[in-house]
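Only one structure is covered here, and it is reproduced in the block below.
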Amino acid sequence: MKNIAIIGSTGSIGTQTLDVIREHREDFCVSALACGKNVSLLAAQIREFHPALVSVADEETAGKLKDLIPEAQCDVMTGMEGLIAVSTIPESDILVTAVVGMLGIRPTIAAIEAGKDIALANKETLVSAGHIIMPLAKKCGVQILPVDSEHSAIFQSLQGNTGNRIDRILLTASGGPFRGKSLDELRTVTPAQALNNPNWDMGKKVTIDSATMVNKGLEVMEAHWLFDVDVDDITVLVHPQSVLHSAVQYEDGAVIGELGVPDMRIPIQYALYYPHRPHLSGRRLNLFELQRLTFEEPDLSVFRGLALAREVGKRGGNLPTAFNAADETAVDLFLKGEIAFTEIPDLLAKAVDECEFIENPTVEQIFETREKALKL
């Protein structure tokens with residue numbers, strides 16, 4: 001029996017993690033859950049999985065939760081203190097970090113220091129603090145198990161190849177809803193159009209980032225830290241079928257990749273069970289029906305956020321934090337209709353240009369950089 005804690009339990013990855021646990025109740029116990037303000041869904045999760053501890057955003061939300069489940073036998077905490085308590089609860093073996101944004105950094109560090117393995121779905125943790133997280137995990141003997149479909153595919157493609165040199169990582173992207181569009185065509189894009197991802201069901205922030213391909217840029221930075229590969233040795237492939245989830249090219253020229261249907265439960269389950277592969281219900285890949293796989297180079301003149309992300313990833317320091325924080329602001333402004341879709345990379349470039357560079361930022365300096373970039 002493996003004990004699981006989840007931060008971000010009511011989001012897309014969190015709910016799908018609970019789907020996996022639901023299918024394998026004999027193997028898992030939910031020790032603790034944390035979310036923001038979706039108390040109705042959290043209440044249902046508490047009734048079903050009986051965690052010993054839960055955490056929500058603030059005291060007002062905690063009051064609403066207690067009104068919904070007065071009979072629940074679990075402790076309720078709030079804020080960052082609650083997130084860290086959930087992440088370090090002694091009963092858990094592994095923490096699923098499914099929160100969005102840099103909120104995941106401090107709980108992840110605390111969990112690593114407490115000896116918890118990390119099922120990592122929060123890419124911003126490594127984008128901003130990879131230089132802190134990866135050495136700390138090594139020092140504490142903790143596994144960082146990627147949950148993003150692309151990074152899980154790379155991780156799976158590395159199995160059995162310890163000691164073999166990676167020549168190149170092939171990081172795939174669906175291309176989003178605007179693959180093949182010109183810059184002029186994107187100037188009038190609406191939030192509803194940008195939220196219509198052709199393959200994946202994700203939260204709003206990640207879906208918009210997929211449409212701008214900023215998400216792929218963040219994944220390049222994440223892969224750099226996860227797999228200790230230079231940014232220049234990571235190639236982004238636009239693959240609209242989303243069947244090859246990513247691959248590794250070795251120095252002998254062999255390419256090993258992971259293929260499957262676009263179902264996030266597969267990488268989630270692999271992280272929870274690693275290195276085992278028990279049965280998982282769901283649709284199976286049928287190559288006879290698919291017939292063909294296609295690959296294209298991303299148009300960096302159109303998807304300028306990806307080009308900027310690669311540059312920022314190579315420069316490092318606190319610039320990825322400025323880039324990521326500005327993206328939070330820019331996506332929010334776009335969803336509110338206050339800026340055009342094509343203005344998003346302009347705001348990111350402005351934040352990076354105005355960031356005072358720090359080569360090896362501390363956690364405090366990371367968050368100071370974030371606060372400044374959010375206001376640009």
**OP:** Just tell me which aspartates and glutamates come within less than 13 Å, Cα to Cα, of K66; anything on the same chain fewer than 8 places away is out.
**Re:** D58, D75
**OP:** Would you compute, for the Cα atoms of the stretch 192-337, the largest minus smallest coordinate along each principal axis and list the three values in descending order, in whole Å?
**Re:** 41, 40, 31
**OP:** Report E371's accessible area, 1.4 Å probe, all protein chains in place, as a number in Å² to the nearest 10.
**Re:** 80
Original post:
Cross-link partners among aspartates and glutamates for K181, C-alpha distance below 14 Å, same-chain residues fewer than 8 apart left out?
Top reply: E296, E297, D299
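Counting Lys +1, Arg +1, Asp -1, Glu -1, what net charge surrounds I21 among other residues with beta carbon under 14 Å of its beta carbon? Numbers along the way, then the final one.
Values: positive: K2, R22, R25, R265; negative: D19, E23, E26, D27, E48, D93.
Result for the neighbourhood of I21: -2.
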**OP:** Based on alpha-carbon positions alone, could you give the equivalent ellipsoid semi-axes of the stretch 4-98 from the gyration tensor, as √(5λ), descending, whole Å?
**Re:** 19, 14, 12
**OP:** With a 1.4 Å probe and all protein chains in place, put T162, T88 in order of accessible area, largest first.
**Re:** T162, T88
Subject >> Among V147, A114, I133 - extreme Cα towards positive end, dipole of the stretch 81-150, charges at beta-carbon >> reply: I133
**OP:** Please give every one of the lysines within straight-line cross-link reach of K116, meaning a C-alpha to C-alpha distance under 21 Å, and leave out same-chain neighbours fewer than 8 residues apart.
**Re:** K2, K138, K139
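Taking R0 as 30 Å, what's the FRET efficiency between D228 and H276 from their Cβ-Cβ distance, rounded to 0.05? Mind dumping the intermediate values first?
Numbers: r = 25 Å, r/R0 = 0.84.
Working from the Cβ atoms, E equals 0.75.
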**OP:** Could you pull the accessible area for I358 with a 1.4 Å probe, rounded to 10 Å²?
**Re:** 50
Subject >> Choice from P70, P146, P361 with maximal GNM fluctuation in the chain (Cα, 10 Å cutoff) >> reply: P70
Original post:
Averaged over all directions, how much area does the convex hull of the C-alpha atoms of the stretch 165-222 cover when projected, in nm²?
Top reply: 5.0
Original post:
Once the chain is represented by equal point scatterers at the alpha-carbon sites, with solvent omitted, what log10 I(q)/I(0) does the Debye formula produce at q = 0.07, 0.10, 0.13 Å⁻¹?
Top reply: -0.30, -0.62, -1.09
**OP:** Over the stretch 1-47, average the accessible area per residue using a 1.4 Å probe and give it in Å², no decimals.
**Re:** 35
**OP:** Distance between Cα centroids, the stretch 143-197 to the stretch 225-247: provide it in whole Å.
**Re:** 6
Original post:
Going through the stretch 116-193, which trypsin sites (Lys or Arg not before Pro) have at most 13 other Cβ atoms within 10 Å and a DSSP loop state?
Top reply: R165, R187
Subject >> Gap separating the Cα centres of the stretch 5-82 and the stretch 336-374, nearest whole Å >> reply: 32
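The values are calculated or read from the model by the stated rules, or taken from the named source; none is laboratory data. The structure presented is a predicted model; accordingly, all values stated were derived computationally and were not measured. Quick reminder, even Gly has a Cβ in these numbers, built from the backbone with ideal geometry, and neighbours come from all protein chains shown. Just the protein is used for accessible areas: all its heavy atoms, side chains included, with ligands, DNA and RNA removed. Shrake-Rupley method; radii C 1.70, N 1.55, O 1.52, S 1.80 Å.
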